[in-house]
1. Could you list all residues from the stretch 88-118 that are of a type outside the set (D, E, K, R) and free of Cβ contacts under 8 Å to residues at least 40 places away in the same chain?
2. Go through (1) under 19 Å from Glu273 (Cα atoms); (2) modelled with pLDDT of 95 or more one by one and return the number of the condition Gly206 breaks.
3. Do we have any residue at all in the stretch 16-26 that's modelled with pLDDT under 55, surrounded by fewer than 16 Cβ atoms within 10 Å (Cβ to Cβ) and in a helix (DSSP H, G or I)?
4. Which of the residues that make up the stretch 180-193 are surrounded by 16 or more Cβ atoms within 10 Å (Cβ to Cβ) and either out of contact with any strand residue (DSSP E or B) (no Cβ under 9 Å at 6 or more places or on another chain) or assigned to a strand (DSSP E or B) (or both)?
5. Please specify each residue of the stretch 226-263 satisfying the condition of being touching a Cys at 6+ places or on another chain (Cβ under 7 Å) and part of a loop (DSSP other than H, G, I, E, B).
6. Can you list the strands (runs of 3 or more DSSP E) found entirely within the stretch 511-561 that contain at least 2 residues being touching a residue at least 24 places away in the same chain (Cβ under 8 Å) and in contact with a strand residue (DSSP E or B) (Cβ under 9 Å, 6 or more places away or on another chain)?
7. I'm trying to understand the selection: among the residues of the stretch 145-176, which are part of a loop (DSSP other than H, G, I, E, B), surrounded by fewer than 21 Cβ atoms within 10 Å (Cβ to Cβ) and β-branched (Val, Ile, Thr)?
8. For the stretch 301-327, which residues satisfy the criterion of being crowded, with 20+ Cβ neighbours inside 10 Å and under 19 Å from Arg436 (Cβ atoms)?
Amino acid sequence: MPGLPLPLLLLLLLLPGPPLLSAQPFPRDLVPRSTVGLAATAAYPRFGGLRGDNATAQLGLDFQRMLRLNGTLFVAARDHIYAFDLGQDKGTLYPERHLTWETRDRANCAMRGRLQDECHNYIRVLVPRDARTLLACGTNAFSPLCRTYKVSSLEQEGEDVSGQARCPFDAQQSIVALFVDGSLYSATVADFQASDAVIYRSLSPGRPPLRTLKYSSRWLQEPHFVQALPYGPFVYFFFREVSVELRAMGKVLVARVARVCRNDGGGSARVLERRWSSFLKVRLLCALPGDSVFAFDVLEAVTPPRALRGRAAVLALFGTQPNSIPGSAVCAFYLADVERAFEGPFAEPRGAAGAWTPVPEERVPQPRPGCCAGMGAAAGISTSGDFPDETLAFAKEHPLLHGAVEPAGGRPLFTRTGTRLTRLAVDTGAGPWRNRTVLFLGAEDGRVLKVLLAAQQPPAGTPAPGESHGDPGSEALLLEEISLYDPKRCRGRRGASRVLGLELHGPGRELFVAFAGCLVRLPLARCAQHGACRRSCLAARDPYCAWLPPDGCGPAPEHLP
């Protein structure tokens, strides 16, 4: 069952008498230790387009995505890809090289009833293909196209390739993509009407393309894809979608993680031919525990795997349902818990009411649907096409697992009400001992929040600095609330204040913050504002700052003496 809507939950908390959630009250928003206004961030370098580019001056940058690779930050936007040298002077932000890729199909796009502003080439895919080339795919006036470019020079290599199922038609549609084992895994929509959602593997040497079942609400129901990553023998996809199992409650969004085997070759000629034979999905639960669970269901962002308390984990940002009071939460999920959830019971609808219940284990065929050929219980099966028809037919009808992946610690690491957070970046090696975890959270109103999580264990016998200067028992500290969006200096359309991208560059101690109309270079800390005041420097609890007499408060060195 989903959590209570936030307005109802808050009303219940305000009712007189014994509170419903007395054991687990809704957490109050943390008060920032430092508020950084636009006057203080106005000097940070910004990039809003090439000098003399009239189209960008009129329409804005139209940022799409970022990629940090080999000391270079690549930024994909409308009709352009920009390459920024991360070693350049921190007071500047201008690309050392760029490419222009405009569509030649604007007239046909307009004939389809699209606006002129939509009939550009919005570059939605930018992923490393190998050590020396990038794959870029653009909407190309609603006729998606892909090209390969050299990393070093941004020169095109080879011929154009169709972008269908590799890139959306519309810049507003979601897409995640990555290369694994030389194959491109992409998750997006495969048609002009956006009715065919697909997880697709293509460009595979010697292997035909593979995809999810077409037009099946059990497999994918209006998904919005957020992240894709390889882990072990699987590729995992994180997304949100309209829940098929909660259909009786209306259009409810839920967070999911799905996986497919990297060696999946599709089903047999009789069942699931050229379709994933291993596709399974399970719900991700980020919720406040209590007598009545309140869940954050709208998945917004997921980090790549990080070491959290010595274990591989991903951190994920969630929001409330679109029709409820704004609120957001960050939860961590150990990848071992994610793997374990895929071994749980399958789900299916039962009875006249259509309630989804667990499938009894005795009805699950062997080898178990979703396992990889040649591994574990399927060690004796050479290829996925050799699975018994019974296993493949069950996998076709039962992609959903019962239950959910619970967050690490059983609750969110951080919550925020009253605003929607949109992007997440994490540094799990902050501080001179590299044992502090700092979250950077972008918001829809143009702010960036910097949050210090509870300390991980320092090296044996080494006291962590400043531990006596904090809030006893506090699990998280909101170190800074930074205002960055300036409408006078960042041209954009409606919703232009929404943070669309965060890219952390640890060696440079900086964060690149992307809005629709501009890119901002933000230092991770503002130590100099504490000057020569030792108490202010230590009370800030900022792991990027240190008290260094006689110089005062400054950036923490790699290793404190």
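1. Taking the stretch 88-118 and keeping what is of a type outside the set (D, E, K, R), we get 88, 91-95, 98-101, 103, 107-111, 113, 115-116.
Within the stretch 88-118, Gln88, Thr100, Ala107, Asn108, Cys109, Ala110, Met111, Gly113, Leu115, Gln116 meet the criteria.
2. Unmet condition: (2).
3. no
4. Looking only at the stretch 180-193, we keep the residues that are surrounded by 16 or more Cβ atoms within 10 Å (Cβ to Cβ), and these are 183-190.
Of everything in the stretch 180-193, those that are surrounded by 16 or more Cβ atoms within 10 Å (Cβ to Cβ) and either out of contact with any strand residue (DSSP E or B) (no Cβ under 9 Å at 6 or more places or on another chain) or assigned to a strand (DSSP E or B) (or both) turn out to be Ser183, Leu184, Tyr185, Ser186, Ala187, Thr188, Val189.
5. Pro233, Asn263 - these are the residues of the stretch 226-263 that are touching a Cys at 6+ places or on another chain (Cβ under 7 Å) and part of a loop (DSSP other than H, G, I, E, B).
6. Values: elements: 519-523, 545-548, 552-555.
Fully inside the stretch 511-561 and qualifying: 519-523, 552-555.
7. Result: Val151, single match.
8. Answer for the stretch 301-327, where residues must be crowded, with 20+ Cβ neighbours inside 10 Å and under 19 Å from Arg436 (Cβ atoms): Thr303, Leu308, Ala313, Val314, Leu315.
The values are calculated or read from the model by the stated rules, or taken from the named source; none is laboratory data. Please read these numbers as outputs of a predicted model, since none were measured by experiment. Ideal geometry is used to build each Cβ from the backbone, glycine not excepted, and the neighbour counts take in all protein chains shown.
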